[in-house]
Amino acid sequence: MAMSKELESSFNDQITLEFASSYAYLQMAAFCEEANLPGFAHWMRQQAEEERAHAMKFLDFVLDRGNHVQLGEIAAPAGDFTTPLSVFQASLAHEQHVTAAIHALYGQAQEEKDYESLPLLHWFIDEQVEEEATVSELVEQLQMAGDNGAALLLLDRELGRREDGAD
Ligand SMILES: [Fe+2]
Ligand SMILES: [Fe+2]
């Protein structure tokens, strides 16, 4: 059964937000590349892929429900980073914003008794817990590293080993 027009509109907003996330991470990847931190850049590129996969998951769901997909506008992402720490702090703030949007979507689906949406949204709620935890940890590690170039390079190596990015 198709979802209501109101819920459809919120799902479309979420598709756009996930694509905007992908776009934002690509900007962050470029900054890291420019800062000669290929490992960080690699991690951010993977993250951009993952956000694209999230957008597609929502998009396919809207289509599967027999609803209409309408992609929205994406504004230019923030690019005024100064340090790797500022990049990951921006990432954390962004993830918290996405979490709030998914919680609102879940609330709306629940209110409309749109039970079919709940398992998918539940998956995303769990995913956001994981994403916020990962990014928080990196923010804290970057704070520990401070201006220590050796610590930063070590972290760069580690992030360069990330292999996922498609789920
Ligand atoms: Fe996402
Ligand atoms: Fe995310």
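Before moving on, here are some points about what is shown:
Condition check ((1) closer than 26 Å to Leu7 by Cα; (2) among the hydrophobic types (A, V, I, L, M, F, W, C)) across all residues:
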residue: Pro84; (1), (2): no, no
residue: Phe88; (1), (2): no, yes
residue: Ala93; (1), (2): yes, yes
residue: Val98; (1), (2): yes, yes
residue: Lys113; (1), (2): yes, no
residue: Ser117; (1), (2): yes, no
residue: Val129; (1), (2): yes, yes
residue: Ala133; (1), (2): no, yes
residue: Ala151; (1), (2): no, yes
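- Failed criterion for Asn36 (all others in (1) in contact (Cβ under 8 Å) with a residue 24 or more places away in the chain; (2) at positive phi hold): (1)
- Identity of the residue in segment 1-29, over 16 Å from the mean Cα position of the chain (by Cα) and without any contact (Cβ under 8 Å) to a residue 40 or more places away in the chain, that ends up surrounded by the fewest Cβ atoms within 10 Å (Cβ to Cβ): Lys5
- Glu33, sole failed condition from (1) in a helix (DSSP H, G or I); (2) within 16 Å of ligand 2 (Cβ to nearest atom): (2)
- Considering residues of segment 18-51 that are touching a Phe, Trp or Tyr at 6+ places or on another chain (Cβ under 7 Å) and either of a type in the set (Asp, Glu) or within 11 Å of ligand 1 (Cβ to nearest atom) (or both) only, the residue nearest to Phe88 (Cα to Cα): Gln47
- In segment 87-98, the residues that are of a type in the set (A, V, I, L, M, F, W, C) reach residues that are crowded, with 17+ Cβ neighbours inside 10 Å and not in a helix (DSSP H, G or I) with C-beta atoms within less than 8 angstrom, at least six apart or across chains, in these pairs: Val87/Phe81; Ala90/Phe81.
- Positions within segment 103-149 being under 30 Å from Asn12 (Cβ atoms), away from ligand 1 (no atom under 16 Å from the Cβ) and of a type outside the set (Gly, Ala, Ser), in sequence order: Gln108, Gln110, Glu111, Glu112, Lys113, Asp114, Tyr115, Glu116, Leu118, Pro119
- Of the residues making up segment 73-119, those that are in contact with a helix residue (DSSP H, G or I) (Cβ under 8 Å, 6 or more places away or on another chain), among the small types (Gly, Ala, Ser) and within 20 Å of Tyr23 (Cβ to Cβ) are Ala75, Ala78, Gly79, Ala90, Ser91, Ala101.
Quick note: the coordinates plus some simple rules give every number you see, no bench work behind them. Note that the structure is a prediction, hence the values are computed from the model and not measured. Methodologically, a virtual Cβ is constructed for each residue, glycine included, from the backbone with ideal geometry; neighbour enumeration extends over all protein chains shown.
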